[in-house]
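Single-structure report; data block below.
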Ligand SMILES: Nc1nc2c(ncn2[C@@H]2O[C@H](COP(=O)(O)OP(=O)(O)OP(=O)(O)O)[C@@H](O)[C@H]2O)c(=O)[nH]1
Ligand SMILES: [Mg+2]
């Protein structure tokens, strides 16, 4: 077995090196990320696996801070007139007293680079290109390891990207990758490893295995996330609760249903964040309309639906009963049965309803609560918008994800999916507050069909 590839992540302080590792490792707990400079103080390694095998090791390093002074110092130690080559110059510095003194941080970086097969050089393209950056690159290049510049913050307005590209090309770094470390574009990771493979042709095979494994993982994760959403939607669509017809019972049952659905939605959000390895308060959280991992707008507030452009439907109850349908007849009594029942008392459904609620109430004594389509659409739309944000699709790395995305449009305009319509007539599929009573193959197939639809959207 060949040794895992060793990749150092280097660059100026505060450019997003640790963020890059977190993204590539899918581990929000790796290292410490902060907007302060000099956050990372030591080299820290982590493994990238493909099918359980370590294909590469990534090494986070402290940011370079004082490259100009260090280059001056190395020029003193190994004057250019001696014409010794880059790696020897760096070695001479690493053996000097200052490598554990004044330039300790820089020494850690250069030592790690020398012990690596290649490095990602992370650039904050919002920074102007300054002499300190040129000196820094000079030092890194002297280690004679392939460097792949990773241009971070490319989705910000007013970047200095062109100036950076030119400067990098002038020192021979022509392969450059745009990669927003917090919310990379889809396919960004593949391009990153492919570019690395062009710099390390002998390691191409390992890098391709890594690319394949990452893409398989990503597809599996995406479907798993879509299933999480589909489960929640089936649970909610199937919900039916019978309740006594008096106002007090109705009110408290509706309130309970609202609260159960809110909690069910929250479980779905938490599960989605977990599938993608995020925590409620992650960096990513800033880019979602979530407040500490919760949707800011209450699902049952009519304003929430209005903002998404979802019609609450004719006659939908507003206020306290928003989003809940209250049917007159209870479990097992379909409209057809109602008509038959109507016949018993001498009429059809419409004539039956002429007798009014009170008569029916006394006749059946119960009402049945279910959740409006509009709520299901809103639930689906916001979970799908969250999924899009989590998969890093779209370029909305730095601004909050707008809810008016393609996901919302689809859920607003497309016909109601069959799978959800079917769930409506299976109250035993409901798992809002506990496991569904019936997790039959029929329910599983319905969830899967819906999940595929969500994943493909
Ligand atoms: N929006 C956005 N923020 C980013 C991105 N990359 C990094 N950041 C932010 O930039 C800051 C610095 O990120 P770090 O990953 O800590 O940077 P670093 O290079 O490891 O910093 P040091 O360890 O101090 O050298 C943090 O506030 C990150 O949240 C990005 O692609 N997009
Ligand atoms: Mg760091």
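Remarks
- Peptide ranges 231-241, 76-86 listed from the most packed, as the mean C-beta count within 10 angstrom indicates: 231-241, 76-86
- Where labels lie 7 Å past Cα in the beta-carbon direction, separation of residue 198 and residue 256 in nm: 6.4 nm
- Computed E for residue 104/residue 249 - FRET, C-beta separation, R0 60 angstrom, nearest 0.05: 0.25
- Sorted by Cβ density within 10 Å, fewest first, the residues 370, 35: 35, 370
- In this calculation the C-beta distance from residue 307 to residue 437 is compared with R0 = 22 Å, giving a FRET efficiency of 0.05.
- For segment 194-230, the residues whose amide N sits under 14 Å from a probe point set 7 Å from the Cα of residue 391 along the beta carbon direction are 215-230.
- Eigen-decomposition of the gyration tensor built on the alpha-carbon atoms of segment 113-180 gives equivalent ellipsoid semi-axes of 20, 13, 10 angstrom, largest listed first.
- Prolate/oblate/rounded label for segment 1-91 (Cα gyration tensor, a/c 1.5): oblate
- Label zone at residue 209 (point 7 Å along Cα-to-Cβ), backbone N below 13 Å, segment 1-40: 1-5
- Debye intensity ratio in log₁₀ form over the Cα atoms of segment 98-138, taken at each q of 0.25, 0.27 Å⁻¹: -1.00, -1.04
- Calculated FRET efficiency for the pair residue 84/residue 49, C-beta based, R₀ 41 Å, to 0.05: 0.55
- The percentage of C-alpha pairs in segment 148-193 whose separation is greater than 14 Å is 49%.
- Per-residue Cβ neighbour rank within 10 angstrom, fewest leading, 73, 276: 73, 276
- Label-point separation in nm, residue 42 to residue 191, each point 7 Å along Cα→Cβ: 3.6 nm
No value in this document is a laboratory result; all are computed from the given coordinates. Predicted model only: the values in this text are computed from it and were never measured. Quick reminder, even Gly has a Cβ in these numbers, built from the backbone with ideal geometry, and neighbours come from all protein chains shown.
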